[in-house]
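To start, the structure under review is shown below, and the notes come after it.
The values are calculated or read from the model by the stated rules, or taken from the named source; none is laboratory data. Note that the structure is a prediction, hence the values are computed from the model and not measured. Glycine gets a Cβ as well: all are built from the backbone with ideal geometry, and neighbour counts include every protein chain shown.
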């Protein structure tokens, strides 16, 4: 059965794009059919997947406006082995243009319904804001994966996101839930990180993934090569952590 996850956190720099790319490639590496949707006008997920956003003339922007079908713009990434709905800065104008459209919050959901049978997993990389693009991601998803750093302000931002998910559940997508909280860029030597991690486990219990993504130079390097870390350095701690996360997600699906 298809599983659609929005990867969301309105706070920037917490590892959303890193998680989107590397979870997609890890799932694909264990023979799952994966589509990755870039909903961020920065297009970092697109570039990190080895696709030059500057050369694109058709992106998820045209899909949201109803000018293209998702199947017409999806790309196959190599060596990531997953499909991609790419984005570039053109997407920044979509919010203004979508305001006047009918059912503007469910444009992505309707676009994905046409192709979702082709996949086991669809991952949606949401922008670092609680805006109309993120709302489209949340309305299209079955559940939300929340990457977050274990630092002081992370808990405050998490509260805002949880409240947004509750509002989306009430008004647009009654089935949406939190799939899991993913601790990213984690340094076990940092006392504050340990304290915040303990608070997360205390409040969210088994919603906190057992897998922890460490601070890892290979994870930081890989986007510069347009590669998931799995194909930059498979033996690195970052690559192994995302493979572990993929297997943890698969275990909960069975």
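Consider region 88-120. How many of its residues are part of a loop (DSSP other than H, G, I, E, B) and closer than 14 Å to residue 137 by Cα? Reasoning before the result, please.
First, pick out the residues of region 88-120 that are part of a loop (DSSP other than H, G, I, E, B): 88, 99-103, 114-115, 119-120.
Add one more test, that the residue is closer than 14 Å to residue 137 by Cα, and what stays is 103.
Number of matching residues: 1.
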Of those in region 117-132 that are surrounded by 16 or more Cβ atoms within 10 Å (Cβ to Cβ) and in contact with a strand residue (DSSP E or B) (Cβ under 9 Å, 6 or more places away or on another chain), the residue farthest from residue 4 (Cα to Cα) is 126
Odd one out for residue 79 among (1) at pLDDT below 95; (2) surrounded by 21 or more Cβ atoms within 10 Å (Cβ to Cβ); (3) over 22 Å from residue 138 (Cβ atoms)
(2)
Filter region 21-53 down to the residues that are part of a loop (DSSP other than H, G, I, E, B) and in contact with a strand residue (DSSP E or B) (Cβ under 7 Å, 6 or more places away or on another chain), then identify the one that is surrounded by the most Cβ atoms within 10 Å (Cβ to Cβ).
49
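Kindly establish whether residue 168 is surrounded by 19 or more Cβ atoms within 10 Å (Cβ to Cβ) and over 20 Å from residue 71 (Cβ atoms). Show your work before the answer.
Working: surrounded by 19 or more Cβ atoms within 10 Å (Cβ to Cβ): yes; over 20 Å from residue 71 (Cβ atoms): yes.
Spelling it out, residue 168 is indeed surrounded by 19 or more Cβ atoms within 10 Å (Cβ to Cβ) and over 20 Å from residue 71 (Cβ atoms).
Check whether at least one residue in region 178-188 is farther than 23 Å from residue 21 by Cα and either at pLDDT 90 or above or out of contact with any helix residue (DSSP H, G or I) (no Cβ under 9 Å at 6 or more places or on another chain) (or both), and report yes or no.
No, region 178-188 contains no residue that is farther than 23 Å from residue 21 by Cα and either at pLDDT 90 or above or out of contact with any helix residue (DSSP H, G or I) (no Cβ under 9 Å at 6 or more places or on another chain) (or both).
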Quick count over region 4-20, residues being touching a helix residue (DSSP H, G or I) at 6+ places or on another chain (Cβ under 9 Å) and outside any strand (DSSP E or B), is 11
Out of all the residues in region 212-242, which are buried (at least 18 other Cβ atoms within 10 Å of the Cβ) and touching a strand residue (DSSP E or B) at 6+ places or on another chain (Cβ under 9 Å)?
212, 213, 216, 219, 238, 241, 242
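Within region 144-160, does at least one residue satisfy the condition of being in contact with a strand residue (DSSP E or B) (Cβ under 7 Å, 6 or more places away or on another chain), at pLDDT 90 or above and under 20 Å from residue 240 (Cβ atoms)? Before you say what the answer is, go through the steps one by one.
We begin by selecting, within region 144-160, every residue in contact with a strand residue (DSSP E or B) (Cβ under 7 Å, 6 or more places away or on another chain); these are 144-150, 154, 158.
Pick out the ones that are also at pLDDT 90 or above and you get 144-148.
With under 20 Å from residue 240 (Cβ atoms) added as a condition, the list becomes 145, 147.
Yes, region 144-160 contains a residue that is in contact with a strand residue (DSSP E or B) (Cβ under 7 Å, 6 or more places away or on another chain), at pLDDT 90 or above and under 20 Å from residue 240 (Cβ atoms).
Taking residue 66 as the residue in question, decide whether it is surrounded by fewer than 23 Cβ atoms within 10 Å (Cβ to Cβ) and touching a residue at least 60 places away in the same chain (Cβ under 8 Å). Please lay out each step first, then the result.
Numbers: surrounded by fewer than 23 Cβ atoms within 10 Å (Cβ to Cβ): yes; touching a residue at least 60 places away in the same chain (Cβ under 8 Å): no.
Taking the combined requirement at face value, the residue does not satisfy it.
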Check residue 175 against each of (1) surrounded by 18 or more Cβ atoms within 10 Å (Cβ to Cβ); (2) in contact with a strand residue (DSSP E or B) (Cβ under 9 Å, 6 or more places away or on another chain); (3) not in a helix (DSSP H, G or I) and name the one condition it does not meet.
(1)
Only one of these conditions is not met by residue 57: (1) more than 13 Å from residue 133 (Cβ to Cβ); (2) surrounded by 21 or more Cβ atoms within 10 Å (Cβ to Cβ). Which number is it?
(2)
